[in-house]
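In what follows, a structure is listed as structure tokens, so that the remarks can point back to it.
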Amino acid sequence: MSKNCGKIVAYFLVRLNQFYSDTRFHEFYKQHQTFYESVLQAYEENVMKYFHQDWYPQFYGTEPTEQFRIIIGFTNGGGNYGTNRQMIGQPKEIFAICGYYTDETMNSPFENGMDYASTLIHEFNHSFVNSLYDANAVLLNSIGKTLLGRHYRGMSSQAYGDAATVINESVVRAAVIIYMQENGFAYDQVKKEMCAQVGRDFLWMPELVTTLRYYSKHRNRYKTLDNYYPEIAKCLKKYLKEEMKRIEKSL
């Protein structure tokens, strides 16, 4: 950490502690503790039943080196995101920050647990997928740039502005669909997820899911997903080639 960064962190911590004292935040928290506990219980009952953490090392062929954490973002609205923390001498921690909101159509928090579970399933895939891009960047960088160039409006509107992010998001979203297929989700639920990803401009999702399903059914040949990345690259190259054929045919 640079000296300047260290000063910023130190300044932030001073101000944060001051905020904690000035607002009597501990008293506020205790006053609402029953509410927090009820929401956490609702999350456990409605969402966590869809989340099977043991699937990840089985699918990716590697054991996690991180500790997984779930945080309900009571003050974050409906947004979801992932982050991480590396403390000295401790395993890296991966956090899924899950949005919280209510509206008049909901009888209880996280009532439609499957919708929230898909986000949780998505975020934890990133801790396995993101590092694989670095190991296979030579194979994937030009593919990611081409996908981004042809679908720039859709990708940039989701803040996916570089090749690595486009590839990682693609693999993660395809892995979510495989997860759903392998963990008892109904056909209509899986189809809805697929259509949602195509609607987000990941038009290559059907092809990518097909190739990941092949990987999943041939684990005697491919011990880890890392071993299979050359085939993922071939799949995406083929998609781009077929897409260009359709474009040229229309001209």
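Evaluate the following for S131: is it open to solvent by less than 30 Å² (accessible area, probe 1.4 Å), under 22 Å from Y60 (Cα atoms), of a type in the set (S, T, N, Q) and part of a helix (DSSP H, G or I)?
Judged against the criteria, S131 is not a match.
Among G149, G184, which is the only one that is within 29 Å of Y116 (Cβ to Cβ), free of Cβ contacts under 8 Å to residues at least 12 places away in the same chain and surrounded by fewer than 13 Cβ atoms within 10 Å (Cβ to Cβ)?
Exactly one of G149, G184 is within 29 Å of Y116 (Cβ to Cβ), free of Cβ contacts under 8 Å to residues at least 12 places away in the same chain and surrounded by fewer than 13 Cβ atoms within 10 Å (Cβ to Cβ), namely G184.
So which residues in segment 150-173 are over 15 Å from the mean Cα position of the chain (by Cα) and outside any helix (DSSP H, G or I), if there are any at all? Give the steps one after another, and end with the answer.
The initial filter retains those residues of segment 150-173 that are over 15 Å from the mean Cα position of the chain (by Cα), namely 150-157, 161-163.
Once the filter is applied, which keeps residues that are over 15 Å from the mean Cα position of the chain (by Cα) and outside any helix (DSSP H, G or I), segment 150-173 yields H151, S157, G161, D162.
Tell me, which residue of segment 54-78 that is assigned to a loop (DSSP other than H, G, I, E, B) and open to solvent by 90 Å² or more (accessible area, probe 1.4 Å) is modelled with the lowest pLDDT?
T65
Condition check: at pLDDT below 85, buried (at least 16 other Cβ atoms within 10 Å of the Cβ) and under 27 Å from F51 (Cα atoms). Does Y81 satisfy that?
no
Which members of segment 223-251 meet the condition of being in contact (Cβ under 8 Å) with a residue 60 or more places away in the chain, of a type outside the set (V, I, T) and open to solvent by less than 70 Å² (accessible area, probe 1.4 Å)?
Hits for segment 223-251 are L225, D226, Y229, P230, A233, L236, L240, E243.
Is it the case that segment 88-100 has a residue that's of a type in the set (G, A, S), in contact with a strand residue (DSSP E or B) (Cβ under 7 Å, 6 or more places away or on another chain) and within 30 Å of Y222 (Cβ to Cβ)?
yes
The values are calculated or read from the model by the stated rules, or taken from the named source; none is laboratory data. A quick note: this is a predicted structure, and the numbers were derived from the prediction, not measured. Backbone-built Cβ (ideal geometry, glycine too); neighbour counts: all protein chains shown. Note: areas computed on protein heavy atoms with side chains; ligands, DNA, RNA excluded. Shrake-Rupley method; radii C 1.70, N 1.55, O 1.52, S 1.80 Å.
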